[in-house]
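So the structure is just underneath, and the comments pick up after that.
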Amino acid sequence: MWDLLIQPENLWFTVALAVMLMLGILEVISLLVGGVTDWLDHLLPHSLMDHSSPELPLDAHSGSVLIECLAWLYLGRVPVLMWLVVFLASYGIAGLMAQNIWQMMFNQYLPAWLAGIAVFFMVLPIVRYIAMGLYRILPKDFTTAISSDSLVGSAAHIILGEARQGYPAQAKLKDSFGQTHYVMVEPDMAQILPQGSEILLVSKNGTVFKAILKE
């Protein structure tokens, strides 16, 4: 096993497992004393920081490939640190297993760059289903359920993407109960709503809200 870990062709997978172990230790310490890993959340977009929000549908055709991929992977629906541990563990273990099988069959390892890319795409479905399972069993923070239609008239700010007509971006807001919601928005008129702008939700069409810049 040690020989497998120290092979240059397996560097990416060994590093992934090492980082996973360090993050796992940080997660345990954070659970015990609290706040230790808050710095990690601040390095990521706000859309990945609230794992309790159901407002981003997994099958939403938002016009943004990035947003759809993040939603498909459940990134942000479980704690970010936990998601990273799942990804790194899946990537490292799957990579070492694949390289070991390849070496047994062909008496050599795949080049590190080729194995790294191939395994990355191979583990994405695995990460999705593990994250999906975690999302279903983790406690949710909601105490009061409200209709998404009631969010019309609320102020929000765009946190991911640039909203154009036909190309929604993701916005964040809090309702009257203090619950955080992430919604897809596009401009109500022929204008651009840039990332970081303050907006007002004026109507809702399906899963997408229409918005205008807040004055």
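Express the accessible area of the stretch 148-187 per residue in Å², computed with a 1.4 Å probe while the remaining protein chains stay in the model. Don't jump to the answer; show the numbers that get you there.
Numbers: 1570 Å² over 40 residues.
Per-residue value: 39 Å².
Counting only protein heavy atoms and a 1.4 Å probe, tell me what percentage of the stretch 162-215's accessible area is made up of carbon and sulfur. All intermediate terms of the calculation are to be shown ahead of the outcome.
Working: 1370 of 2790 Å².
Carbon and sulfur together cover 49 percent of it.
With every protein chain left in place, what is the accessible area of residue 104 in Å² (1.4 Å probe, nearest 10)?
Only protein atoms counted, so the area is about 140 Å².
For 12, 83, 2, 72, what's the largest-to-smallest order of accessible area, 1.4 Å probe?
On the way: 12 150, 83 25, 2 175, 72 95 Å².
Correct descending sequence by accessible area is 2, 12, 72, 83.
Considering only protein heavy atoms, what is the solvent-accessible area of residue 207 at a probe of 1.4 Å, reported in Å² to the nearest 10?
For residue 207, solvent-accessible area is about 80 Å².
In the P(r) worked out for the stretch 155-197, what percent of Cα pairs fall beyond 13 Å?
Details: 429 of 903 pairs.
I get 48 percent for the Cα pairs in the stretch 155-197 exceeding 13 Å.
Tell me, what ³J(HN,Hα) does each residue in the stretch 153-163 have, in order and in whole Hz, if you take phi through Karplus 6.51 cos²θ - 1.76 cosθ + 1.60 with θ = phi - 60° and put x for Gly and Pro?
x, 7, 8, 8, 9, 7, 10, 8, x, 10, 7
The values are calculated or read from the model by the stated rules, or taken from the named source; none is laboratory data. Since this is a predicted model, take the numbers as computed values, not measurements. Keep in mind that these areas ignore ligands, DNA and RNA; they rest on the heavy atoms of the full protein, side chains included. Shrake-Rupley method; radii C 1.70, N 1.55, O 1.52, S 1.80 Å.
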